[in-house]
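Below is one structure, written out as structure tokens; comments come after it.
The values are calculated or read from the model by the stated rules, or taken from the named source; none is laboratory data. Keep in mind that what you see is a predicted model, and the values were worked out from it rather than measured. Because the Cβ atoms are built from the backbone with ideal geometry, glycine has one as well, and the counts that use them run over all protein chains shown.
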């Protein structure tokens, strides 16, 4: 993998907005604006390198599912901050194997082997539109003969087709929170709705705030039953809502995508359980729940922290705090591995899965050691001819 300086297309800003990246402007603390999409540089991969990263991604997913099974078998919900009343619903959803669509691993990777798992965004990951669509069109415009680590769109359509084959009612409701102001959640939900439509499903798109309850089931604004619902809304938020127990009640006839057991994969406690089950694994960093256990450099991650949330980086040279609400739900203490630096920026590699299979990559750079809301997305390509 290497970073290359590139010349942006003359009409890049208009082009990406028309393609759906309406949340391209990031407001800075000083009142200025920066672009989230950055094509002043690109990353190039070798084909063999991508194939190896795909294998690592799928291995991490298998290990994560095994870790979830371990947690359920040993009733370790308290380690994840999951309330006791929700435990049986989580276990039931894992036993019944309802459909699960997608997720994103964030990896430390500097071009050398092995990559290291930083976290698994397995419930409501975003940065999808730019990874699936925007950077593919960039490749078509700038390097039409070359390939990209990106089969996201095709795999999402295929994933929905598999889901649809098991449904007796082919209507799917796709919901998101209309309280998210940048438009990213709305566009992500709209894109996922489009992939479901291309798979032949009947799709209704609406804010989660518009879901209703008629006394025995969830309904939409036209009083139609919500039998299958993709939610771009985290399970931990749903559990804190008044309707949370209703969503998990055995008699509620709604299939949720993602299912409730994804609570275990989107929680930072997963990192510690993985290290327990696979100590010394080359794709993992040491991680613990009770304390740093003598690590001189570590990151304290809130169990339910979303990307860019408050974290503490502790090193012999001092402590770096990302401002925010640290909460009281507990921490996972993971060995600190500074994000690799390229041209003065810090890189994180997002490796996507669809139905547990590797599906593509999205690369983001930050000025700081923490990938936060001021990160920039850079396109990539594979330095090999596109298969015919």
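Output the number of residues of segment 338-366 satisfying the condition of being in contact with a helix residue (DSSP H, G or I) (Cβ under 8 Å, 6 or more places away or on another chain), over 12 Å from residue 109 (Cβ atoms) and part of a strand (DSSP E or B). So the count comes out to 8. Those residues that are crowded, with 20+ Cβ neighbours inside 10 Å and either out of contact with any helix residue (DSSP H, G or I) (no Cβ under 9 Å at 6 or more places or on another chain) or within 17 Å of residue 100 (Cα to Cα) (or both), I need them from segment 177-197; list them, please. Once the filter is applied, which keeps residues that are crowded, with 20+ Cβ neighbours inside 10 Å and either out of contact with any helix residue (DSSP H, G or I) (no Cβ under 9 Å at 6 or more places or on another chain) or within 17 Å of residue 100 (Cα to Cα) (or both), segment 177-197 yields 185, 188, 189, 192, 193, 195, 196.
Let's see how each residue does on (1) at pLDDT 90 or above; (2) closer than 30 Å to residue 155 by Cα:
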site	(1), (2)
312	no, no
318	no, no
322	no, no
334	yes, no
346	yes, yes
356	yes, yes
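Selection of segment 224-253 for residues being part of a loop (DSSP other than H, G, I, E, B) and farther than 16 Å from residue 202 by Cα yields 233, 234, 241, 242, 243, 249, 250, 251, 252, 253.
Residue by residue, here is whether (1) in contact with a strand residue (DSSP E or B) (Cβ under 8 Å, 6 or more places away or on another chain); (2) at pLDDT 95 or above; (3) surrounded by fewer than 21 Cβ atoms within 10 Å (Cβ to Cβ); (4) assigned by TED's automatic domain parsing to the domain that holds residue 90 holds:
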{"site": "240", "(1), (2), (3), (4)": "no, no, yes, yes"}
{"site": "250", "(1), (2), (3), (4)": "no, no, yes, yes"}
{"site": "256", "(1), (2), (3), (4)": "yes, yes, no, yes"}
{"site": "261", "(1), (2), (3), (4)": "no, yes, no, yes"}
{"site": "274", "(1), (2), (3), (4)": "yes, yes, no, no"}
{"site": "278", "(1), (2), (3), (4)": "no, yes, yes, no"}
{"site": "283", "(1), (2), (3), (4)": "yes, yes, yes, no"}
{"site": "288", "(1), (2), (3), (4)": "yes, yes, yes, no"}
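Can you tell which of 198, 135 is in the same structural domain as residue 262 (by TED's automatic domain parsing), over 30 Å from residue 8 (Cα atoms) and modelled with pLDDT of 95 or more? Testing whether each residue is in the same structural domain as residue 262 (by TED's automatic domain parsing), over 30 Å from residue 8 (Cα atoms) and modelled with pLDDT of 95 or more leaves just 198. Among all residue pairs at least 6 apart or on different chains, which show Cβ distances below 7 Å where the first residue, located in segment 9-33, is without any contact (Cβ under 8 Å) to a residue 12 or more places away in the chain and in the same structural domain as residue 183 (by TED's automatic domain parsing) and the second is surrounded by 16 or more Cβ atoms within 10 Å (Cβ to Cβ) and part of a loop (DSSP other than H, G, I, E, B)? If the second residue must be surrounded by 16 or more Cβ atoms within 10 Å (Cβ to Cβ) and part of a loop (DSSP other than H, G, I, E, B), the pairs left are 17/24. Per the conditions (1) modelled with pLDDT of 95 or more; (2) out of contact with any helix residue (DSSP H, G or I) (no Cβ under 8 Å at 6 or more places or on another chain); (3) surrounded by fewer than 20 Cβ atoms within 10 Å (Cβ to Cβ), the sole criterion not satisfied by residue 169 is (1).
Okay, residues lined up against (1) at pLDDT below 95; (2) assigned to a helix (DSSP H, G or I); (3) outside the structural domain of residue 358 (by TED's automatic domain parsing); (4) touching a strand residue (DSSP E or B) at 6+ places or on another chain (Cβ under 6 Å):
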{"residue": "49", "(1), (2), (3), (4)": "no, yes, no, no"}
{"residue": "54", "(1), (2), (3), (4)": "no, yes, no, yes"}
{"residue": "65", "(1), (2), (3), (4)": "no, yes, no, no"}
{"residue": "69", "(1), (2), (3), (4)": "no, yes, no, no"}
{"residue": "72", "(1), (2), (3), (4)": "no, yes, no, no"}
{"residue": "86", "(1), (2), (3), (4)": "no, yes, no, no"}
{"residue": "91", "(1), (2), (3), (4)": "no, yes, no, no"}
{"residue": "105", "(1), (2), (3), (4)": "no, no, no, yes"}
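If residue 136 meets every condition in (1) touching a residue at least 40 places away in the same chain (Cβ under 8 Å); (2) within 21 Å of residue 378 (Cβ to Cβ) apart from one, which number is that one? Going through (1) touching a residue at least 40 places away in the same chain (Cβ under 8 Å); (2) within 21 Å of residue 378 (Cβ to Cβ) one by one, residue 136 breaks only (1). Just one of the listed residues (200, 215) is at positive phi, in a loop (DSSP other than H, G, I, E, B), in contact (Cβ under 8 Å) with a residue 24 or more places away in the chain and surrounded by fewer than 18 Cβ atoms within 10 Å (Cβ to Cβ), and it is 200.
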